[in-house]
Every structure is written in C-alpha cells, then in structure tokens.
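Everything below concerns the one structure shown next.
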Amino acid sequence: MCASTPHAVAGESRSEAAQIARCIKAASRGATWLERTLWGLRDQEGGWIGAEVPNANGSHDLGPLQINSWWVPRIAKLTGQSDRQTRHWLKHDACFNTEAARWIFLSGLSTTNDFWKAVGIYHSPTAWRQRRYSLRVAEHLRARFGRDVFGSTGAR
C-alpha cells in the first residue's frame, strides 16, 4: 500500500485529492511514520480545500486536516501573519493546512513523548476525547496501511 495514494472525500475533485497527497508527502520530510500519521489524521478528519465546518462550541474546523480555529492565533503568531490571513490559508491552502497539522501533532509529541497521546491532542485537550480519537485514527491507519502500520518505518 502506498502512503501517497489519495482518497477523495465527498465533494473533492481528484486533482484536489492529489494536491493534498503531495502536501502530506512534503510535510512528512521523508519520514514514512510521519507521512502515515498525517494520512491517519486526514482520513479521520475528512476535510477538503475550502472547508469551514462549524463546531458546537463556536469554533470551526478548517481545510483538509480540519485545523480547529482555536489554533489560528497561535499559528498566526508563529508565522508573523494576521489571524485573518492565517485562517484563510488554513482553509484554502492545502500545504499550509498540512504543515499546521504537522506542527500541532509534533508539538504534542514533543510535549508528551507519547505517539498516541499526541494523536489525541491533535483533536482535543480532553483525555477521554483524546483516547476515542486515537482509536479512530488507529482504525484508519490499519485500513490504509495494514495491521503492521509502522513495522518497518522507524516509527517512534
């Protein structure tokens, strides 16, 4: 199974799916385990270029990897851009969105030194939501890459 095989989500063209696949590959910087992780997050989130999905708490999930708008001020500060520009890029620029997803996940991994906890942190600060989310991402990873998802990839 190839990590860069695009799977289009509803309403997404094949060219958009291919663009997202290229962005995931670029964001992984050649680390197969990270590329697969980003695919797991993308498969769970199911976003698309231009997505802005409202949440019950008033926030929105943006773009292909559904970056929560809660992150906008933090990412804006890191990039030196306005919140408005950052939100636009998260929504409409697949590679910016994927890089943000990479940063969120790796920040969680750096903080916890626990892969599955970092996957959960990507979704929520709440422990029970993190566990549920991690299980769902694990299911997507197995579906896409097989049972030995990270067997020979040098995963942490």
Note on the range 58-105: residues of a type in the set (Ser, Thr, Tyr) and assigned to a helix (DSSP H, G or I) are Ser69, Thr79, Thr86, Thr98
The residue that is surrounded by the most Cβ atoms within 10 Å (Cβ to Cβ), considering only those in the range 106-132 that are hydroxyl-bearing (Ser, Thr, Tyr) and not in a helix (DSSP H, G or I), is Ser124
Those residues of the range 44-57 which are farther than 18 Å from Gly108 by Cβ and either assigned to a helix (DSSP H, G or I) or among the basic types (Lys, Arg) (or both) amount to none
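Restricted to the range 71-93, and to residues that are under 15 Å from the mean Cα position of the chain (by Cα) and of a type outside the set (A, V, I, L, M), which residue is surrounded by the fewest Cβ atoms within 10 Å (Cβ to Cβ)?
Going residue by residue through the range 71-93, those that are under 15 Å from the mean Cα position of the chain (by Cα) are 71-72, 75, 89-93.
If we keep only those that are of a type outside the set (A, V, I, L, M) as well, we get 71, 89, 91-93.
Values: Trp71: 19, Trp89: 22, Lys91: 21, His92: 15, Asp93: 17.
Checking each candidate, the answer is His92.
Criterion first (under 22 Å from Ser107 (Cβ atoms), aromatic (Phe, Trp, Tyr) and in contact (Cβ under 8 Å) with a residue 24 or more places away in the chain) does Trp70 satisfy it? Walk me through it before giving the result.
Values: under 22 Å from Ser107 (Cβ atoms): yes; aromatic (Phe, Trp, Tyr): yes; in contact (Cβ under 8 Å) with a residue 24 or more places away in the chain: no.
Taking the combined requirement at face value, the residue does not satisfy it.
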Apart from one, (1) of a type outside the set (Ser, Thr, Tyr); (2) under 25 Å from Ser13 (Cα atoms); (3) out of contact with any helix residue (DSSP H, G or I) (no Cβ under 9 Å at 6 or more places or on another chain) all hold for Pro125; the odd one out is (2)
Review point. Is it fair to say Asp61 is under 14 Å from the mean Cα position of the chain (by Cα), within 20 Å of Val149 (Cα to Cα), at pLDDT 95 or above and not hydrophobic (A, V, I, L, M, F, W, C)?
Key: no
Reported set for the range 133-155 where residues are part of a helix (DSSP H, G or I) and without any contact (Cβ under 8 Å) to a residue 12 or more places away in the chain is Leu135, Glu139, Arg142
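Going by the structure shown, is Ala100 within 20 Å of Gly46 (Cα to Cα) and touching a strand residue (DSSP E or B) at 6+ places or on another chain (Cβ under 7 Å)? Working first, answer last.
Numbers: within 20 Å of Gly46 (Cα to Cα): yes; touching a strand residue (DSSP E or B) at 6+ places or on another chain (Cβ under 7 Å): yes.
Taking the combined requirement at face value, the residue satisfies it.
Looking at the range 25-61, which of its residues are in contact with a strand residue (DSSP E or B) (Cβ under 6 Å, 6 or more places away or on another chain) and either free of Cβ contacts under 8 Å to residues at least 24 places away in the same chain or not acidic (Asp, Glu) (or both)?
Residues of the range 25-61 in contact with a strand residue (DSSP E or B) (Cβ under 6 Å, 6 or more places away or on another chain): 52-54, 59-61.
Selection gives Val53, Pro54, Ser59, His60, Asp61.
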Within the range 1-47, of all residues that are surrounded by 14 or more Cβ atoms within 10 Å (Cβ to Cβ) and hydroxyl-bearing (Ser, Thr, Tyr), the one modelled with the lowest pLDDT is Thr32
All conditions in (1) more than 16 Å from Ser28 (Cα to Cα); (2) buried (at least 20 other Cβ atoms within 10 Å of the Cβ); (3) in contact with a Gly (Cβ under 7 Å, 6 or more places away or on another chain) are true of Asn97 except (1)
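The values are calculated or read from the model by the stated rules, or taken from the named source; none is laboratory data. These numbers were taken from a predicted model, which means no experiment stands behind them. Cβ coordinates were reconstructed from backbone atoms using ideal geometry, including for glycine residues, and neighbour counts include every protein chain displayed.
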